[in-house]
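The values are calculated or read from the model by the stated rules, or taken from the named source; none is laboratory data. None of these values were measured; they are calculated from a predicted model. Quick reminder, even Gly has a Cβ in these numbers, built from the backbone with ideal geometry, and neighbours come from all protein chains shown. Just the protein is used for accessible areas: all its heavy atoms, side chains included, with ligands, DNA and RNA removed. Shrake-Rupley method; radii C 1.70, N 1.55, O 1.52, S 1.80 Å.
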Amino acid sequence: MKKVNELTTLKMVEEFLENHELSFLYVSTPECSTCHAILPKLRELLDHYPLIHLGHIDASKVEEVAGKFLILTAPIMLLMIDQKEYLREDRFVRFDHLKEKLELIYEMFTR
């Protein structure tokens, strides 16, 4: 399964994005059962994309993340390329569609 980088401050999030051209941010809250169910599926999916780095943010600990990324609900999944948002999925993610979108973006970026 894809390694998860725990990002516990906004500064860590910013450094993570600066250090990785292809970043996938997963923002969740501890009391969210959907959040707990989605993360293992996301890790498994991202195994197929070795250049994408996965960062996890607990929104209850890093409250500023909501304002920085305009987050209104959890979980939120953001694919960032060169610190710009390319893809956003929220709590009702369809993994077959997410895989198709990731495939296209990854292929274009890694050519």
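With the convex hull drawn around the C-alpha atoms of the chain, the volume per residue stands at 90 Å³.
The figure for residue 47 is an accessible area of roughly 70 square angstrom, using a 1.4 Å probe on the protein chains alone.
Spin-label model, residue 10/residue 88: points 7 Å from Cα along the beta carbon direction are separated by 1.7 nm.
State in Å² the accessible area per residue of the chain; use a 1.4 Å probe, count heavy atoms of protein chains only, and round to the nearest integer.
Result: 58 Å² per residue.
Keeping the other protein chains in place, figure out the carbon and sulfur percent of the accessible area of the chain, with a 1.4 Å probe. Carbon-and-sulfur percentage of accessible area, whole number: 53.
Protein-only accessible surface at a 1.4 angstrom probe places the residues 45, 51 in the order 51, 45, largest first. Only lysines eight or more places from residue 41 in sequence, or on another chain, were considered; those with a Cα closer than 17 Å are 2, 3, 99, 101.
Relative contact order of the chain: 33 percent, from C-alpha pairs under 8 Å at least 6 residues apart in sequence. Per-peptide packing, taken as the mean over residues of other Cβ atoms within 10 Å, places 97-103, 11-17 in the sequence 11-17, 97-103 from highest down.
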